[in-house]
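Derivation of every value follows stated rules applied to the coordinates shown; laboratory data play no part. All values derive from a computational prediction rather than experimental measurement. With ideal geometry, Cβ positions are generated from the backbone for all residues, glycine too; neighbour counts draw on all protein chains shown.
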Amino acid sequence: MSNILSYPLIPAVAGDDLLIISDISVKGNPTRSVRVDQLVGDGSGSVLSVDASINGDAVTITGGPITYSGTLAFEFGGLSTQYVNGLGNLVTFPAISGGSVTSVAQTHGGDAFTVGGSPITSLGTLAITMAGDATQYVNGLGNLALLSSIPSVGTTYDLTSIQNGTAVDVHLTGSDATVDTIQLVAGTNITLTDDGLNNITIDAAGGGSGTVTSVGLSHMGNAFAVTPGSTPVTSIGTLAVTMAGTNLEYINGAGDRTSLSTLPSGSVTSVASGPGITATPSPITGAGSIEVDYLGLDNVILSGGALITDAVSSDYILLSEAKNNNCAHSLISDLPGYYTNFFAAADTGSANSIGQAETLTLTGGDSINTATSSPGITTISLAYKSVVLRLLPPIGVGLPTITVVQNDLGSTLALTSTSVGEYVLSTSGGTGNFGTNVIAFIENPNEYGANPPIYPQATTIRWKANTEIAIRSFDVATGTRANIAGIWNVCVEIRVYP
């Protein structure tokens with residue numbers, strides 16, 4: 001770990017200058033850099049001096065300028081008899097001349113009101129009184145009009161009911177205080193009951209009735225028997241219908257029992273094959289067995305029944321056998337490409353078992369991206385863009401010779417010198433640049449060759465624009481900025497994170 005004991009004084013510090021810090025969040029406390037404006041203010045810049053000024057003489061300001069910390073005091077310098085005009089100056093209020101009201105009068109439209117004591121020329125009271133009576137109202141013009149002239153806006157009714165002997169009276173009380181009555185009259189075998197809560201119950205007393213005098217049942221044929229015979233049921237009874245035949249009979253179209261032995265019978269004399277079906281033996285001229293098979297090329301399976309979601313390796317699958325164009329079946333475990341699961345292993349951790357209908361997911365880690373471009377293809381890439389430069393410092397004054405070892409940006413790179421120990425790496429052309437919100441850093445530079453001098457120097461960078469990065473180099477002995485010198489190649493890596 002390096003200890004920087006001293007370095008030259010910088011008279012003017014800019015917000016984008018870098019400070020060297022020790023990163024205590026990483027083991028070993030490595031040296032890193034941070035912008036000055038990230039430690040001062042809100043991170044967008046640094047304030048070196050604050051003062052205030054104001055126009056006019058109404059307010060005085062003291063306490064400025066503030067170069068580190070302090071308070072700006074704003075104080076008013078006027079009197080209670082003054083005000084501040086638009087220019088910020090104190091002005092004395094002008095004198096206001098006195099006066100008196102010589103006359104107060106009141107007028108109104110319409111005839112609904114009368115006014116007494118108007119006009120008032122000194123001290124007095126305006127008396128306003130109504131000019132109409134209780135049979136009148138004031139219209140929109142301020143005039144009196146009779147209440148009876150108000151047009152009707154309709155009448156609403158409330159419904160109540162009350163028992164009135166065997167009838168029920170329904171009262172309709174209007175909003176105009178009129179009452180109308182509707183009477184519900186009970187008819188024959190009807191009872192009306194009012195419960196006093198405006199609920200009317202209508203009951204029927206008794207009812208009509210009749211008697212079935214005779215029920216009988218008849219049928220055609222002799223297949224059924226009815227009990228009791230042909231005598232109808234004249235009061236209470238049950239008609240029982242029973243079958244009259246045996247299991248060696250059937251019922252013909254006339255409803256009669258007929259012996260099964262009378263049905264026509266014969267033998268299969270010929271079985272013909274059809275498209276996709278074979279019958280062996282064929283034709284058949286007498287008794288025997290028929291073997292029916294399907295030709296593979298002509299098979300059409302319309303439905304396989306219910307979907308099986310838990311098939312196992314010992315289940316069978318139907319297929320068309322190419323050797324003899326016949327239907328056949330095979331175990332699922334015998335199918336080409338059949339598998340139950342496989343194992344996915346990594347550098348660390350236990351292997352995962354991936355079974356059927358499961359997905360193997362590739363997840364990117366630190367600074368690693370994964371992307372699926374097409375089925376079966378997953379690309380793993382770094383999450384940042386890298387630019388690696390090999391610099392051969394000149395002997396004396398001049399720019400280092402730059403060799404681009406790697407350029408993920410895809411644009412043209414150029415190196416220019418802006419001052420002692422400071423270089424600008426810029427991009428042009430193409431679509432790649434350093435971005436607007438990138439984090440870029442330089443790896444610890446490596447040196448090529450034997451017996452190197454004290455160079456290369458400790459190097460820092462800072463972002464200047466979308467297309468520019470400033471690179472600074474320091475003399476490792478003094479800590480001051482110095483041009484890259486010597487005869488050894490310096491390898492610099494810049495990583496640009498999105």
Q: Mind giving me the nanometre distance, one decimal, between the label points for SER148 and SER386, set 7 Å out from Cα along Cα→Cβ?
A: 10.9 nm
Q: Return PHE434, PHE224, PHE343 ranked ascending by Cβ neighbour count within 10 Å, so the fewest neighbours appear first.
A: PHE343, PHE224, PHE434
Q. Under 27 Å from the Cα of LYS385, which lysines turn up, not counting those fewer than eight places away in the same chain?
A. LYS27, LYS464
Q | the range 369-394-the range 132-147 distance, computed between alpha-carbon centres (Å) | A | 94 Å
